[in-house]
2 protein chains.
Amino acid sequence: MEESAFPRRVSALKEKLRALSCDTIWVIQPENRRYLSGFRAEDSQINESSGSLLITQSHCLLVTDSRYATEAEAEAVHFQVHILKEGFVAGFCEAIGSIGTRRLGFEESFVTCALHRELLERINQMGLSVDLVPLEGIVEDMREAKDEGEIEIIEASADLISGVLDELIPWLKPGIKEKDVAWQIECLAREAGAEGMAFPPIVASGPNSALPHAVPTEREIQLGEPVILDVGVKLDGYCSDMTRTVFLGEPEDGFKKIYNTVRSAQLAALREIRPGVATDHPDATARKVIGDAGFGEYFGHGLGHGVGLATHERPRLSPLRPSELKQGSVVTVEPGIYIPGRGGVRLEEMVVVESDGPRIITRNSHFYDFDR
Amino acid sequence: MEESAFPRRVSALKEKLRALSCDTIWVIQPENRRYLSGFRAEDSQINESSGSLLITQSHCLLVTDSRYATEAEAEAVHFQVHILKEGFVAGFCEAIGSIGTRRLGFEESFVTCALHRELLERINQMGLSVDLVPLEGIVEDMREAKDEGEIEIIEASADLISGVLDELIPWLKPGIKEKDVAWQIECLAREAGAEGMAFPPIVASGPNSALPHAVPTEREIQLGEPVILDVGVKLDGYCSDMTRTVFLGEPEDGFKKIYNTVRSAQLAALREIRPGVATDHPDATARKVIGDAGFGEYFGHGLGHGVGLATHERPRLSPLRPSELKQGSVVTVEPGIYIPGRGGVRLEEMVVVESDGPRIITRNSHFYDFDR
């Protein structure tokens, strides 16, 4: 990421702040924090935060503790690093006191009830006059349309995982366990330079492929059955996410039709991806193809989601809460058909929403073209 | 884990429930959920929960969505699985309505402000008469003293990571990058049967070893400098956590004394581990040894922490908020000395608190005994 991205984003946030009913924005959500500051630390769990940003029209503070001091100074170069001495709540309240906060906007979906209560108690105890103002999706909205630097990194991340599948798929043989395939994917990804997996690889064979959320098991993959490979890596913080369904040998009865249907639904939905389209429209297009083929009840999830610093982020391509698709968003297009007890097929591409339509950034490979 | 563990734990929780000002306990924290029900699913992030438990004197419900239905039925065999149809808040409120909840105890440190607000709104909208009652540490307290089945698994987890270090340490050579050492640790752990890492391995060499929270870098490890290896795996859900500091060749000036001091502090603290001791006492013992050697200002963190389903859990062995050490707890004893810009030494053992004292379950190897 070029250095200038961070001050540009902070300026944009300050513009948004003018329209909000608060004078300070507190950012604790890890991807939002990284997006604005460049600070890379992750949180090991919700009550083990590695840092908070406090942004006003005149201050940019990164509040963290001594364990992260060195990284914070090196990474969040446009922020003043404030090291907590004696626990989060006391030090944090001191920090908001020092910058004159009166109305503190906080991320309602990421602050726990306990932390909220402890802050209020401490604020009262210190005699500060500070109100807590819940905010929702302010930075997430900014992250929805990617800038050029981000798109470059996401493309590299998608390219890396595409290469992993290029190496993996010819290596598959009947009798290999799902778990061993998953581990092979991790090894190939690391060798190719991934900093880690975006999520644990899904390797789901036979009846397991009917579970959209399958965890790899000891099951050995077999000839003729669907094997879903849903994988993604992180590269410089940015995620990729792609799915192929493969068959070793000739597909079992019925799966050619299922596969062709999913692929047709995907291609139809891809044609509807462009700026300004309602996010439920490509979903409806795919759903219609699948429904017309008689599999309507077997496509239970949404068509896709945004990908960036998080694997799942805005926008959501589903029938729920539609919004307008934005130029510069990166989204997945991943229809599926899942027959309980038998198996399923899912195909997933990543696309950049460009002014003249979609640009697919996962490698266009490992698709079958079965006779109809 | 033997099957009978789960109903026994639920019964113990129901006993505790009698003394609380609520009729239903809602458990959403992933390790607490697994501890009580056997349901293994993890949460990918705080606002993507894979399930909630609802426990009353007469009901045990696991509320989840269709993606997890199969696993939930298979794993949480003592719970009735309730599948959400149309979003969490609506389905959850329907569930608490169906079991007659009037006062719903919730985990204040794991429920976000947004979820709390949405629940209250829905409860009002449905005309239910339900109060939300914040709870803190109810299940965490139960998890503090482990039962026999848990101790067996934790021992196996500690044994596995000990074996990984036995293979790794002779393989180290000057010029290998920290990142490559970390990846080798992951590979050895998987080959040895770990289901995953308990946390990303820490491999910190030279000046990086002065950062207690170091992330592996491209730095090549060198002769004579300290190399901290802080590693742990998950086995059947249970974590291990151990640290060795190694030197390739003769340690640089001053590090023999630092090493000897840390090891003396560790041995002195271990002698103070037994049921009933205040948790700040072994910490003070180690701190005194380090202080007497002139390094008092360079031991910034607490002495140790409980280990179980989470890498960091109760009790905390530190000067803060002391409690009584319980028989059956599994804790780390990990003093360290960190000289900024130069390097550090940390040594970490895992011990079971038994009636007659500590039983060390990490393998007693890779310690130096430098001349004084």
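The values are calculated or read from the model by the stated rules, or taken from the named source; none is laboratory data. Keep in mind that this is a model prediction, so the values were computed, not measured. No Cβ is skipped: glycine too gets one built from the backbone with ideal geometry, and neighbour counts run over all protein chains shown. For the accessible areas, the whole protein counts, side chains as well, though only heavy atoms, and no ligand, DNA or RNA atoms are used. Shrake-Rupley method; radii C 1.70, N 1.55, O 1.52, S 1.80 Å.
Assorted remarks:
- Among (1) within 14 Å of chain B (Cβ to nearest Cβ); (2) assigned to a helix (DSSP H, G or I); (3) modelled with pLDDT of 95 or more - the single one A:Gly344 does not satisfy: (2)
- For the stretch B:148-185, the tally of residues that are under 25 Å from A:Val215 (Cα atoms) and touching a strand residue (DSSP E or B) at 6+ places or on another chain (Cβ under 6 Å) stands at 9.
- Count of the stretch B:309-331 residues which are part of a loop (DSSP other than H, G, I, E, B), within 14 Å of another protein chain (Cβ to nearest Cβ) and open to solvent by less than 50 Å² (accessible area, probe 1.4 Å): 4
- Take the conditions (1) surrounded by 23 or more Cβ atoms within 10 Å (Cβ to Cβ); (2) out of contact with any His (no Cβ under 8 Å at 6 or more places or on another chain); A:His281 misses just one of them, which is (1).
- Residue selected from the stretch B:212-227 under the condition open to solvent by 60 Å² or more (accessible area, probe 1.4 Å) and among the aliphatic types (A, V, I, L, M), by the criterion nearest to B:Lys179 (Cα to Cα): B:Val215
- Qualifying positions in the stretch A:241-256 - surrounded by 16 or more Cβ atoms within 10 Å (Cβ to Cβ) and not β-branched (Val, Ile, Thr): A:Asp241, A:Met242, A:Arg244, A:Phe247, A:Leu248, A:Pro251, A:Glu252, A:Phe255, A:Lys256
- Hits in the stretch B:354-372 - residues which are within 23 Å of the chain's Cα centre (by Cα) and of a type in the set (Lys, Arg): B:Arg359, B:Arg363
- Residue satisfying all of: in the stretch B:284-308; open to solvent by 40 Å² or more (accessible area, probe 1.4 Å) and not in a helix (DSSP H, G or I); farthest from the other protein chains (Cβ to nearest Cβ) among these: B:Gly294
- Every listed requirement among (1) assigned to a loop (DSSP other than H, G, I, E, B); (2) open to solvent by less than 30 Å² (accessible area, probe 1.4 Å); (3) not hydrophobic (A, V, I, L, M, F, W, C) is met by A:Glu349 save one, (1).
- The C-beta contact set for the stretch B:186-205 (first residue touching a residue at least 60 places away in the same chain (Cβ under 8 Å) and open to solvent by 10 Å² or more (accessible area, probe 1.4 Å), second residue assigned to a loop (DSSP other than H, G, I, E, B) and of a type outside the set (Val, Ile, Thr), distance under 7 angstrom, 6+ apart or interchain) comprises B:Ala198/B:Gly232; B:Ala198/B:Ser240; B:Ala198/B:Asp241; B:Phe199/A:Ser44; B:Phe199/B:Gly232.
- Taking the stretch B:120-232 as the region of interest, the helices (runs of 4 or more DSSP H) fully inside it that hold 3 or more residues being within 11 Å of chain A (Cβ to nearest Cβ) are B:178-191.
- Residue within the stretch B:86-101 that is part of a helix (DSSP H, G or I), in contact with a helix residue (DSSP H, G or I) (Cβ under 6 Å, 6 or more places away or on another chain), without any contact (Cβ under 8 Å) to a residue 40 or more places away in the chain and open to solvent by less than 20 Å² (accessible area, probe 1.4 Å) present: yes
- Residues (open to solvent by less than 30 Å² (accessible area, probe 1.4 Å) and more than 30 Å from B:Glu191 (Cα to Cα)) located in the stretch B:143-164: B:Glu144
- Condition met for B:Phe106 (within 13 Å of another protein chain (Cβ to nearest Cβ), at negative phi and open to solvent by less than 50 Å² (accessible area, probe 1.4 Å)): yes
- Here A:Gly276 clears all of (1) on the phi > 0 side of the Ramachandran plot; (2) open to solvent by less than 20 Å² (accessible area, probe 1.4 Å) except the condition numbered (2).
- Selected residue (criterion: farthest from B:Glu3 (Cα to Cα)) from residues of the stretch B:47-71 that are within 14 Å of another protein chain (Cβ to nearest Cβ) and touching an Asp or Glu at 6+ places or on another chain (Cβ under 7 Å): B:Ser49
- Of the residues contained in the stretch B:79-100, none is found to be under 30 Å from B:Val331 (Cα atoms) and within 14 Å of chain A (Cβ to nearest Cβ).
- For the stretch B:264-271, the condition of being outside any loop (DSSP other than H, G, I, E, B), out of contact with any Gly (no Cβ under 6 Å at 6 or more places or on another chain), among the hydroxyl-bearing types (Ser, Thr, Tyr) and free of Cβ contacts under 8 Å to residues at least 40 places away in the same chain holds for at least one residue.
- Residue in the stretch A:23-35 that is within 14 Å of chain B (Cβ to nearest Cβ) and part of a loop (DSSP other than H, G, I, E, B) present: yes
- Selection status of B:Leu120, open to solvent by less than 50 Å² (accessible area, probe 1.4 Å) and of a type outside the set (Gly, Ala, Ser): no
- Listed by first and then second residue, the pairs linking a residue in the stretch B:250-263 that is among the hydrophobic types (A, V, I, L, M, F, W, C) to a residue that is open to solvent by 10 Å² or more (accessible area, probe 1.4 Å) and assigned to a helix (DSSP H, G or I), with Cβ atoms under 9 Å apart and 6 or more places separating them unless they lie on different chains, are B:Ile258/B:Tyr298; B:Val262/B:Val289.
- Evaluation of B:Ser44 against the conditions (1) within 11 Å of chain A (Cβ to nearest Cβ); (2) under 24 Å from the mean Cα position of the chain (by Cα); (3) crowded, with 18+ Cβ neighbours inside 10 Å; (4) polar (S, T, N, Q) shows that the sole unmet condition is (3).
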